[in-house]
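One structure is given below, encoded as structure tokens.
All of the numbers you see were taken from the coordinates with simple rules; none came from a lab. Quick caveat, the model's predicted, so the values are computed rather than measured. Glycine also receives a Cβ, built like all others from the backbone with ideal geometry; neighbour counts cover every protein chain displayed.
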Amino acid sequence: MKRALFTFGFVSLIVLSACGGEEPTDPENDVNENNDIDADTDQKEDTNDSDEIDEKSSEKDRETDENATSDIYGAGNIINEFKADSVKSSANVEFSINDMTISESDEGGATIAAQMSAENTTAENRMFYANHASLEIDGELYESDPLVSDSIGGELTGESKETGEAVYYVDVEPEDIKQLTFISDAPTDSNGDTIGDDIELSVNVE
């Protein structure tokens, strides 16, 4: 009888020891682990949403570029933009055509905006107005509109440079414009006497 009781007690002790070796589950740790999983899931969803927004923004920017509208009075959709980078000089005055924009015109035909520069490369004063240059297209001459064009040049005192935009409204459809020729009078000195030659500057439409 004693041996049976001893055996029973010994077995009970082993069972209790085994149960005591298992660590209890902490509910707070379970909550933290679940929160970490939820946070990772939310972060992935936010990243996917951001990628979708960026993609939509890029598509919208491309659409805006393709349907860009000129901010010049009387001009509509921009048909062509390019760099001319064409320059000629006369009597130490450099006349250059830089950026070009060809747009549709509200009245029909085209609106042409030309970024121009007039530079005096000598210490002597020169008179030269780049924006007074006539524009020839297919034998027709057009003058810049003084109401929307910049005054570019005038009296260039010593070595100096002026840059601005000249705007022309022409009776030619934008798609039909293949070449532009700018024709300017020769510079004059401080006495108003003509020096040098007239300047003719041709630009191929790209």
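Potential lengthening of the chain between ASN204 and GLU107 amounts to 32.5 nm, from the contour at 0.36 nm per residue minus the alpha-carbon distance. What's the whole-number percent of alpha carbon pairs in the stretch 75-204 lying beyond 20 angstrom? Percentage above 20 Å: 41.
Residues TYR73, TYR168, ranked from the fewest to the most other C-beta atoms within 10 Å, line up as TYR73, TYR168.
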